[in-house]
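Engineer: The following block contains the structure, expressed as structure tokens.
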Amino acid sequence: MPLPPLQEAYSGQVHAITLGGGTRKTTVTIGGAKTVVYGGPREACGAKPAIAIDVLDAAPEEWPPVLAQAYGNVLGDPAAWAKKAVEELGADLVCVRFDGIHPDKGNRGADHAVAVTEKVLKAVGVPLILWGCGNDEKDNAVMPKVSQAAKGEKAVLASVTQDNYRSLTATALADGHFLVAQAPLDINIAKQVNIFVSDMGFPLDRLIMFQTTGALGYGMEYVYSVQERERLAALAGDKLMALPVVCDVGSEAWRAKEAKASADEAPAWGDAARRGPIWEATTAIALLQSGVDLVRLRHPSAVATVKAYVESLWS
Amino acid sequence: MTDKKPVRLTVRFEPAGLKTEVARGSTILEAARQAGVYLTSICGGDGYCGKCRAVVDEGEVEAPPTALLSPQETRDNVVLACQTHILTDLTVTVPRSHLLDGGPILVDSDAHRFSELSSEGVAGGAFVHAPLVQKLYLEMDPPTEQDQMADHERLYAAIRRRIDAPVMQTGYRILQQLPAVLQQAGYRVTVLLAQRAGTIEVVDIEPGNTARCNYAVVVDVGTTTVVAHLVELVTASTVDSEATYNSQMHFGEDYIRRIIYAEQNNAFDEMQRRVVRDMNDLIQTMAIRRGVELHCISAVVCSGNTAMIHFLLNLDPRRIRRSPYVPTAAWVPPIRAAEAGLRISKRGLLYVLPAVGAYVGSDIVAGVLATRLYEAPALSLLIDIGTNGEVVIGSREWMVCASSSAGPAFEGSGVKHGMRAAPGAIERLTLTPEGQFQYQTIGHEPPRGLCGTGLLDALACLLEAGLIDRGGKFVRTADPRLAEGPDGLECTLVPAQDGRGPIVITQADVSNLVRSKAGVYAAIQVLLESTGTTVEALENLYVAGAFGNYLDPRKAIAIGLLPDVPIERIHFVGNTSLAGAKMAALSCQAFATAEEIAGRMTYFDLMNHPHYMEAFIQANFLPHTDLSRFPSAEKRPAGAMAGDLKPGTLG
């Protein structure tokens, strides 16, 4: 007697959300999974994961040469950089990361951030992610202005934490954006942040969850299991966890010495030009298998690899 | 200074006006201890809790700089007493908020914090009234040539005619005294008999009939508070009650700190002296007030956490805090009370109820005994909220227990305006429909601070009023009660009036309380999950502890301290440690049951439990990260948290 096919059935479903609106020429839908990755028919797996490419508001000072060379002369020009990301590299979204407003990294003001936002909005037609610098005080001062500059574009504003969520939540609510809720690799704190934000009247279906990501070799298995547990909770019917998930792969992967060490520093580790992108792509692919819906990437080769992987599995 | 002769300096403490002499270089805290000034010190003198503030009015001192004092405080001559060395004669003022109330406190008759469960357990027939120590008046026939039975055997025969006493023993001293006493009294004597592990000891013998003159003192030896009742054993009635701070508080507010202090300073004798002195003070106060002579007090029956019992008996407590966490004794055999330094009848005994282990002490066993959890057909939960939050779940079939590091917040320690449940403590706090705070204090005295139930109410009120979010963080609003204080944001609960400062709750206090309640709830959750039981299966929830007179069960649920059960299942049972000890004093059957209970309880070590930390993080939220566990918190409209639970007897 043949064994009947075994099918996991889940009661919950991840929200499907469509990013981008206003003057955006394209929109991107993420989420919608009714099962785990590979857990069922293609249509139950939800929308194809999306790729956002990081564009920094100011030329990065500490990028490893392999990464910096990939972008060459656009590094100091966010608009040109964004254009390259979309037109040459095929980014689904552009993630403007406002590192340059951080008090330790230039301490630029709101005028600068707003100008960058406006330029990037003009340069590309894809939806934007507007990601603060991580300094609460500075983000609270600058990001509301950035949000306003993109009002109506249905962008993604990042990020709110358990200690600092009021100002950005109110801003995102007023300007019609999506919001990234951040947690320090803790599934319970992730849920708590979601509760804080929804207690303020922010709709859950405009939230994206974000666990601080670790790179391959730096606790990846823990990151993976947190993402997986989060997804299983969503599929088991926990409405507060039924949200799409974003991971910051690019900046984490390129912090790893395995990714950024030059050939001189680590001759035994192989070609530096390939090593970094492989490190980044491998991190991203592992996380996509845990159910992540949106990845932020940096190196063009990594983008190409991940894109091919996504196409091969989700199409 | 090269002067080799130790210089004696005089230190005067205001406002008490107490004076003492110390060697030059002593710290103000040492001088305070010597002078009998009770100064709060959480860290036990290590200089990092910042609680032992004092003001140097006159004289010179030397102290290392500390970040715990603000520049303004330093300008105002505020110092940390434990870090400040005395160089000249001094006058020091200890602000009232940093004083512990010293000395015994008179107990209000209605004060639940010191009250007991009714001794129904004994009187109502659950246990036979057969005190651990009893007196028998015996009339024997004097020996004759026809009846040459020896005095000792004659006494035993007389005893055995009255009670079932197959195994007896008599001390050497009593044997020596025996012929003289018997002959002097014409063979009409009163014997004091005591239960000693299955043996009945003839403890003492007195001429004539003194059988009615038989008392015991039962004591809850708490980390913060020592509570004693004087019990008349013949009638099983409580004659008096009295409570005082545990004066070991000087050496740290939790017992782990005290063990560390005792270890570092070889102060185990000092620890014993302190708690024994506290107990003697209580015993004497009650005895004098009731005209009971000390030699009529035949026994002291104690319960307390394992560390406190070790200090009391001067047993080595050091391994209680070190893996593998082994106490010297969990079941302490009865000893002569005088050997521990207790002043009752010279040959009187000191009994200690059995403990489960290092972290679940005899106070919890007493609680299980008093609530009768061990014999209930349905599942019950007992939470004892003290410096540690111990949790027991079980029924007549099985019992499990755990101890959470709840911290002393609900006892009022480590909270800016927290205090012990004493007169002037706010024990209830409610919100008016207009959103104003309303309070009630113990003894209806002017408010001095908040005790545990007041703090619990405060947390619920802040949440209900939207002044804190579910993470326990103050929400910056225009509410005038919310302001930046010296320790960050704080909320004024009672404004300053009549020359008293305001009573506030700070961000640190709120976080502290949330952590405390999370520790307790996580312990409950882990025990429930580990035993495959659910909250719904709990028929009764007993909340024990000496932290106030009224517990509002709705508020306790609203903040997630207690699981969301129908409130009629929640019983606030007060000091069950004392109640259980009293039952044991009055009935050797109850004492034997306590031993059986201690043997039956299975201990869960939360610190090594794989899910405790996760359960704790989940509970570190108001009421809980998993809101499905608190359906009533979702349903209840704001402002509907009225009504409370008065102290009651067990249902």
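The values are calculated or read from the model by the stated rules, or taken from the named source; none is laboratory data. Here the structure is a predicted model, which is why all the values come from computation and not from measurement. FYI the Cβ positions are ideal-geometry reconstructions off the backbone, even for glycines, and counts take in every protein chain you see. Protein only, heavy atoms only, side chains kept; ligands, DNA and RNA dropped before computing areas. Shrake-Rupley method; radii C 1.70, N 1.55, O 1.52, S 1.80 Å.
Engineer: Show me, for the stretch B:544-553, the HN-Hα J-couplings you get by feeding each phi into the Karplus relation (A = 6.51, B = -1.76, C = 1.60, θ = phi - 60°), rounded to Hz, glycine and proline as x.
Structural biologist: Rounded to whole hertz, the list is 10, x, 9, 10, x, 9, 10, 10, 8, x.
Engineer: Have a look at B:Val61, A:Pro65, B:Ala228 and report the one farthest towards the positive end of the charge dipole of the protein assembly as shown, computed about the Cα centre with Cβ charges (Lys/Arg +1, Asp/Glu -1).
Structural biologist: Of the candidates, A:Pro65 comes out farthest on the positive side.
Engineer: For B:Glu375 and B:Glu293, FRET efficiency with R0 = 60 Å and r from the beta-carbon atoms, rounded to 0.05?
Structural biologist: Working: r = 38 Å, r/R0 = 0.63.
The computed FRET efficiency comes out at 0.95.
Engineer: Rounded, prolate or oblate: which one fits the protein assembly as shown, using the alpha carbon gyration tensor with axes a ≥ b ≥ c (rounded when a/c is under 1.5, else prolate when a/b beats b/c, else oblate)?
Structural biologist: prolate
Engineer: What part of the accessible area of chain A, given as a whole %, is carbon or sulfur when the probe is 1.4 angstrom? Walk me through the numbers on the way to the answer.
Structural biologist: On the way: 6840 of 12790 Å².
C and S atoms contribute 53 percent here.
Engineer: What FRET efficiency do you get for B:Ser323 and A:Asn140 if R0 is 41 Å and r is their Cβ-Cβ distance, rounded to the nearest 0.05?
Structural biologist: Rounded to the nearest 0.05, the efficiency is 0.35.
Engineer: Turning to a different aspect of this structure: Antiparallel DSSP bridges in the stretch A:16-314: what percent, to the nearest 5?
Structural biologist: Details: 5 of 35 bridges.
Bridges in the stretch A:16-314 that DSSP calls antiparallel: roughly 15 percent.
Engineer: Further, regarding this structure: State the three equivalent ellipsoid semi-axes of the stretch B:310-435, derived from the C-alpha gyration tensor as the square roots of 5 times its eigenvalues, in descending order and whole Å. Intermediate values should be presented prior to the final figure.
Structural biologist: Details: eigenvalues 189, 99, 57 Å².
Three semi-axes, in Å: 31, 22, 17.
Engineer: How much length is gained on full extension from B:Tyr172 to B:Gln497, taking 0.36 nm per residue of separation minus their Cα-Cα distance? Please list the in-between numbers first.
Structural biologist: Numbers: separation 325, 0.36 × 325 = 117.00 nm, distance 6.61 nm.
Going from the current span to full extension adds 110.4 nm.
Engineer: For the pairing of chain B with chain A, what total accessible surface becomes buried, with a 1.4 angstrom probe, in square angstrom to the nearest 100? Please report the intermediate quantities before stating the final value.
Structural biologist: On the way: alone 25980 and 13340 Å², together 38250 Å².
Counting protein atoms only, the buried area is about 1100 Å².
Engineer: Can you list the residues, at least 5 places off or on another chain, whose amide H is less than 5 Å from the amide H of A:Leu297, using H built in the peptide plane?
Structural biologist: A:Ala52, A:Ile53, A:Asp54, A:Gly250
Engineer: Please check which bits of the stretch B:175-201 a label hung off B:Val128 would reach, taking the label as a point 7 Å along Cα-to-C-beta and the cut-off as backbone N under 19 Å.
Structural biologist: So the set is B:192-201.
Engineer: Hey, what do the phi angles of the stretch B:385-401 turn into as Karplus ³J(HN,Hα) couplings, whole Hz, using 6.51/-1.76/1.60 and θ = phi - 60°, x for Gly and Pro?
Structural biologist: Working through the residues one at a time gives 8, x, 5, 10, x, 8, 10, 10, 10, x, 7, 5, 7, 7, 9, 10, 8 Hz.
Engineer: I've got another one for you. Order A:His177, B:His129, most accessible first, counting only protein heavy atoms with a 1.4 angstrom probe. Let's see the in-between values first.
Structural biologist: On the way: A:His177 0, B:His129 80 Å².
Ranking A:His177, B:His129 by accessible area, largest first, yields B:His129, A:His177.
Engineer: When DSSP assigns beta bridges and you keep just the ones with both residues in the protein assembly as shown, what percent turn out antiparallel, to the nearest 5?
Structural biologist: On the way: 82 of 148 bridges.
If I count the DSSP bridges inside the protein assembly as shown, around 55 percent turn out antiparallel.
Engineer: In degrees from 0 to 90, rounded to the nearest 10, what is the angle of the helix B:452-464 Cα long axis to the longest principal axis of chain B?
Structural biologist: With rounding to tens, the tilt is 30 degrees.
Engineer: Moving on to the next point. Take B:Glu14 and B:Trp331, extend 7 Å from each Cα along the Cα→Cβ direction, and tell me the distance between the two endpoints in nm.
Structural biologist: Calculated label separation equals 5.8 nm.
Engineer: Which residues make up the longest stretch of chain B that has no GluC sites (Glu not before Pro) in a DSSP loop with at most 14 other Cβ atoms within 10 Å?
Structural biologist: Longest run free of exposed loop sites: B:435-651.
Engineer: Restricting attention to the stretch B:224-332, which trypsin sites (Lys or Arg not before Pro) occupy a DSSP loop and are surrounded by at most 14 other Cβ atoms within 10 Å? Write down the numbers at each step before the final one.
Structural biologist: On the way: sites: B:Arg257, B:Arg258, B:Arg273, B:Arg274, B:Arg277, B:Arg289, B:Arg290, B:Arg318, B:Arg319, B:Arg321, B:Arg322; in loops: B:Arg321, B:Arg322.
Within the stretch B:224-332, the qualifying trypsin sites (Lys or Arg not before Pro) (loop, at most 14 other Cβ atoms within 10 Å) are B:Arg322.
Engineer: Can I ask one more? Compute the separation of the alpha-carbon centres of the stretch B:376-453 and the stretch B:186-211 and state it in Å as a whole number.
Structural biologist: Centre-to-centre (Cα) distance: 43 Å.
Engineer: Simple spin-label model, 7 Å along Cα-to-Cβ: B:Arg273 to B:Glu529 in nm?
Structural biologist: 4.8
Engineer: Can you tell me how chain B classifies by the Cα gyration tensor, rounded, prolate or oblate, using a/c under 1.5 as the rounded cut? Please report the intermediate quantities before stating the final value.
Structural biologist: Numbers: a/c = 2.15, a/b = 1.36, b/c = 1.58.
In terms of gyration-tensor shape, oblate.
Engineer: So, one more: In deg cm²/dmol and to the nearest 500, what is the mean residue ellipticity at 222 nm of chain B if only DSSP H runs of at least 4 residues count, each as -39500 (n - 2.57), divided by the residue total? Mind showing how you got there, number by number?
Structural biologist: Numbers: 17 runs with 178 residues, N = 651.
Calculated mean residue ellipticity at 222 nm is -8000 deg cm²/dmol.
Engineer: For chain A, set up a Gaussian network in which alpha carbons nearer than 10 Å are linked by springs, and say which option among A:Ala58, A:Ala174, A:Ala183 fluctuates the most.
Structural biologist: A:Ala174
Engineer: Counting only other chains, what is the mean number of Cβ atoms within 10 angstrom of the Cβ of each residue in peptide A:192-205? Each step should come with its number before you reach the end.
Structural biologist: Values: counts 10, 1, 1, 7, 5, 0, 0, 4, 2, 0, 0, 0, 0, 0.
That works out to 2 on average.
Engineer: If you don't mind, another one. For chain A, rounded, prolate or oblate, judged on the Cα gyration tensor with a ≥ b ≥ c (square roots of eigenvalues), a/c < 1.5 rounded, else prolate if a/b > b/c? Write down the numbers at each step before the final one.
Structural biologist: Working: a/c = 1.60, a/b = 1.12, b/c = 1.42.
In terms of gyration-tensor shape, oblate.
Engineer: Find the lysine pairs in chain B meeting two conditions, Cα atoms under 19 Å apart and a separation of 8 or more places or different chains, and report how many there are.
Structural biologist: Step by step, the pairs that qualify in chain B add up to 10.
Engineer: Using a 10 Å cut-off around each Cβ of peptide B:468-480, what is the average number of partner chain Cβ atoms that fall inside?
Structural biologist: Details: counts 0, 8, 4, 9, 0, 6, 0, 2, 2, 0, 0, 0, 0.
Mean partner-chain Cβ count within 10 Å for B:468-480: 2.
Engineer: Can you tell me the dipole magnitude for the stretch A:16-314 around its Cα centre, using point charges on the Cβ only (Lys, Arg +1; Asp, Glu -1), in Debye to the nearest 20?
Structural biologist: On the way: 30 positive and 35 negative charges, 148 e Å.
Using only the charged Cβ atoms, the result is roughly 700 debye.
Engineer: For a quick size check, give me the Cα extents of the stretch A:116-247 along its three principal axes, largest first, whole Å.
Structural biologist: Ordered largest first, the stretch A:116-247 gives principal extents of 39, 35, 29 Å.
Engineer: Taking the stretch A:1-108, which GluC sites (Glu not before Pro) meet the DSSP loop condition and have no more than 16 other C-beta atoms within 10 Å? Don't skip to the answer; put the middle values down first.
Structural biologist: On the way: sites: A:Glu8, A:Glu43, A:Glu61, A:Glu62, A:Glu87, A:Glu88; in loops: A:Glu8, A:Glu61, A:Glu62.
Counting only loop positions with at most 16 other Cβ atoms within 10 Å, the GluC sites (Glu not before Pro) in the stretch A:1-108 are A:Glu8, A:Glu61, A:Glu62.
Engineer: Rounded to whole Å, give me the distance from the Cα center of the stretch B:144-164 to that of the stretch A:118-141.
Structural biologist: The stretch B:144-164 and the stretch A:118-141 have Cα centres spaced 99 Å from each other.
Engineer: Here is a follow-up. Could you compute how much accessible surface A:Glu221 exposes when probed at 1.4 Å, giving the result in Å² to the nearest 10?
Structural biologist: 130
Engineer: Using the Cβ atoms and a cut-off under 11 Å, what net charge is assigned to the surroundings of A:Trp131, where Lys and Arg are +1 and Asp and Glu are -1?
Structural biologist: -3
Engineer: Something else about it: Using a simple spin-label model with points 7 Å from Cα along the Cα→Cβ vector, what separation in nm is obtained for A:Asn107 and B:Trp398?
Structural biologist: 6.3
Engineer: Calculate the length of the line joining the C-alpha centroid of the stretch A:219-289 to that of the stretch B:477-533, in whole Å.
Structural biologist: 39
Engineer: Run down the aspartates and glutamates and flag those whose C-alpha is under 18 Å from the C-alpha of A:Lys145, throwing out any fewer than 8 positions away in its chain.
Structural biologist: Excluding near neighbours in sequence, the set is A:Asp57, A:Asp99, A:Asp111, A:Glu118, A:Asp136, A:Glu137, A:Glu153, A:Asp175.
Engineer: How large is ³J(HN,Hα), in whole Hz, for each residue of the stretch B:581-597 in order, when computed from phi with the Karplus curve 6.51 cos²θ - 1.76 cosθ + 1.60 and θ = phi - 60°, using x for Gly and Pro?
Structural biologist: So the J values, rounded to whole Hz, are 4, 5, 4, 5, 4, 8, 8, 5, 5, 5, 4, 5, 5, 4, 5, 5, 4.
Engineer: Here's something else I'd like to know. So how strong a dipole does the protein assembly as shown carry about its Cα centre when Lys and Arg Cβ are +1 and Asp and Glu Cβ are -1, to the nearest 20 debye? The partial results should precede the final answer.
Structural biologist: On the way: 88 positive and 108 negative charges, 57 e Å.
Result for the protein assembly as shown is approximately 280 debye, rounded to the nearest 20.
Engineer: Using a probe radius of 1.4 Å on heavy atoms only, what accessible surface per residue do you get for the protein assembly as shown? Whole Å² is fine. Working shown, then result.
Structural biologist: Numbers: 38250 Å² over 966 residues.
Counting only protein heavy atoms, the per-residue value for the protein assembly as shown is 40 Å².
Engineer: Quick one: which bits of the stretch B:618-634 get at least 30 Å² less accessible when the partner protein chains are in, versus the chain alone, with a 1.4 Å probe?
Structural biologist: B:Phe621, B:Thr625
Engineer: Carbon and sulfur atoms: what percent of the 1.4 Å accessible area of the stretch B:166-313 do they account for?
Structural biologist: Working: 2350 of 4970 Å².
The computed percentage sits at 47.
Engineer: Count the DSSP beta bridges whose two residues both fall in chain B, then state the antiparallel fraction as a percent rounded to the nearest 5. Before the final figure, lay out the partial values.
Structural biologist: On the way: 77 of 113 bridges.
Counting only bridges with both partners in chain B, antiparallel ones make up about 70 percent.
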